Amino acid sequence: MAKYERDLKGNFDDFLNYIHQGIIGGSISASFEDGSDWLNGEDKVSVRVYERFSWIGSNRVSLAVTLVGQGDSLFLSAITSGGSQAIFFKINTWGEQSFLEKLQSLAENYNP
């Protein structure tokens, strides 16, 4: 399991669409599994779950993305899972790390 978190500034809906398009367009095997949205006045929360095949690990990995927004203040949290073929402990996490690095690159290159 790998985790990435970051505070950002920008438009909530634009950023959510930006990372969604970047993740789906960043891998031929990436898929959007499901999502949830919550709105209370100016406060917004969206959760998105993605999955893709890891060629290095020969397995599927998932990426859970949570975006919290209040005005132009955004908080992004992303956690990967899967990516191991062992029964009792993880023996490889390359696929997870690679999936997370894609999101990290998108977040760090976001220019509102």
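The values are calculated or read from the model by the stated rules, or taken from the named source; none is laboratory data. These figures come from a predicted structure and were not determined experimentally. Glycine gets a Cβ as well: all are built from the backbone with ideal geometry, and neighbour counts include every protein chain shown. Ligands, DNA and RNA are stripped out before the accessible areas are found, and what is left, the full protein with its side chains, is counted by its heavy atoms. Shrake-Rupley method; radii C 1.70, N 1.55, O 1.52, S 1.80 Å.
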Query raised in the report: Just wondering, is there one or more residues in the stretch 78-86 that are at pLDDT 75 or above, within 20 Å of residue 50 (Cα to Cα), in a helix (DSSP H, G or I) and under 9 Å from the mean Cα position of the chain (by Cα)?
Result: no
Query raised in the report: Looking only at the stretch 1-49, which residues are within 14 Å of residue 68 (Cβ to Cβ), in contact with a strand residue (DSSP E or B) (Cβ under 7 Å, 6 or more places away or on another chain) and part of a helix (DSSP H, G or I)?
Result: 12, 15, 16, 19
Report summary line: Looking across the stretch 1-17 at residues that are of a type in the set (A, V, I, L, M) and modelled with pLDDT of 95 or more, the single one that is farthest from residue 108 (Cα to Cα) is 16
Query raised in the report: Taking the stretch 9-49 on its own, how many of its residues are open to solvent by 40 Å² or more (accessible area, probe 1.4 Å), among the basic types (Lys, Arg) and free of Cβ contacts under 8 Å to residues at least 60 places away in the same chain?
Result: 1
Report summary line: Within the stretch 18-57, of all residues that are closer than 14 Å to residue 82 by Cβ and among the aliphatic types (A, V, I, L, M), the one modelled with the highest pLDDT is 49
**Report entry** Condition check for residue 67: modelled with pLDDT of 95 or more, surrounded by 13 or more Cβ atoms within 10 Å (Cβ to Cβ), on the phi < 0 side of the Ramachandran plot and out of contact with any Lys or Arg (no Cβ under 7 Å at 6 or more places or on another chain)
**Finding:** yes
